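A short write-up of the structure that comes next.
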Amino acid sequence: MPRRVLESGRMHPAIPQLVELQRLDQTIASLRADLEGLPKRQRAADAKLNGARAAVAAAKEAHTQALTQRKKLELDVEQWKERAKKYRGQSSSVKTNEAYKALQQEIAHAESEASLAEDRVLEQMMAVEEIERRVKRLEAELKEAEQGVAAEKKQLEAQFAEEKKNWIAMTAERAEIEKKVPEELRDLYSRIAKKHPGSVMAEARGEQCRGCGMRVLPHTLQLLLSETDEEVFRCEGCGRILYSLEPIPHARKEAANGASQP
Ligand SMILES: [Zn+2]
């Protein structure tokens, strides 16, 4: 569309520059929005690791608790063994058969409890190993996720650098084009841009302003295609600067010639 404007000779001479200015303003605004969105996208990438990090932390906590439990069970074994040893030490000093028999029962009970406690220690050791494997697996998964996120962030940074380069180039290009626009039109453009950012210029097509839909009078349409640098025409509805790409009846022949060029 802007190219057709630039090729058309019949309009206010500043219109092609103004339309180009608008095209650049739209691209610059979209690039800036993208650039401003980068920190949010980086945070979103980081947030993908939250679940994996929490899983590792939970598994490590379970590991600590399992070790504490194993120590407690090992202490049980020690205590039952101590008790059996203490009873055995007493067996030489008992006076009666009954007391001896009772002591033997206590020894048997303590030994049996020690054996049961040893079984529980073994079970707990297996549980600890199981949790250790889980911690290792979750840590490996986290590492993999971290590598994925690092690659994603690197790609984001490359994209950011490219967009920033484009933004700088387009801003410079815009400044060059702006220089060609007469000062009063530059001011007018800036004023309208405050109300309609990125949409200062409106095509008059089908006798309508494409910015707001208001009817454009045929007389104004004729004036839009006249080569005068005295004034530009603004839509009475929205105040945008109007331009026309449509041939009006008397200009149709020339426009057709223009369109037939490759
Ligand atoms: Zn309008």
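The table below gives the values:
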read-out	value
Where GluC sites (Glu not before Pro) in DSSP loops with at most 11 other Cβ within 10 Å are excluded, longest remaining stretch of the chain	1-226
List Lys153, Lys40, Lys143, ordered by accessible area with a 1.4 Å probe, largest first	Lys40, Lys143, Lys153
Pairs of lysines in the range 2-100 (C-alpha under 28 Å apart; 8 or more residues apart or interchain)	13
Residue order for Met125, Met170, Met201 - accessible surface, 1.4 angstrom probe, largest first	Met125, Met170, Met201
Computed accessible area, His63, all protein chains, 1.4 angstrom probe, square angstrom	40
Measure of compaction for the range 58-107 (Cα Rg per 2.2 N^0.38 Å)	1.84
Under-5 Å amide H pairs with Arg234, H placed in peptide plane, nonlocal only	Leu242
Per-residue [θ]222 nm for the chain (sum of -39500 (n - 2.57) over DSSP H runs n ≥ 4, rounded to 500)	-26000 deg cm²/dmol
Nearest-20 debye value, the chain charge dipole, Cβ charges on Lys, Arg, Asp, Glu	340
Cα long-axis angle, helix 15-36 against the chain (0 to 90 degrees, to the nearest 10)	10
Between 0 and 90°, nearest 10: helix 50-90 axis offset from the chain longest Cα axis	0
Translational diffusion coefficient (Stokes-Einstein; Kirkwood radius from C-alpha pairs) of the chain at 20 °C, 1.002 mPa s, in µm²/s	81
Cα pair distances exceeding 15 angstrom across the range 8-47, given as percent	59
Accessible area (Å², 1.4 Å probe, nearest 10) - Arg43	150
Phe160 - accessible surface, heavy atoms, 1.4 Å probe, Å² rounded to 10	60
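The values are calculated or read from the model by the stated rules, or taken from the named source; none is laboratory data. Here the structure is a predicted model, which is why all the values come from computation and not from measurement. In this analysis, Cβ positions are derived from the backbone assuming ideal geometry, glycine residues included, and neighbour counts consider all displayed protein chains. Protein only, heavy atoms only, side chains kept; ligands, DNA and RNA dropped before computing areas. Shrake-Rupley method; radii C 1.70, N 1.55, O 1.52, S 1.80 Å.
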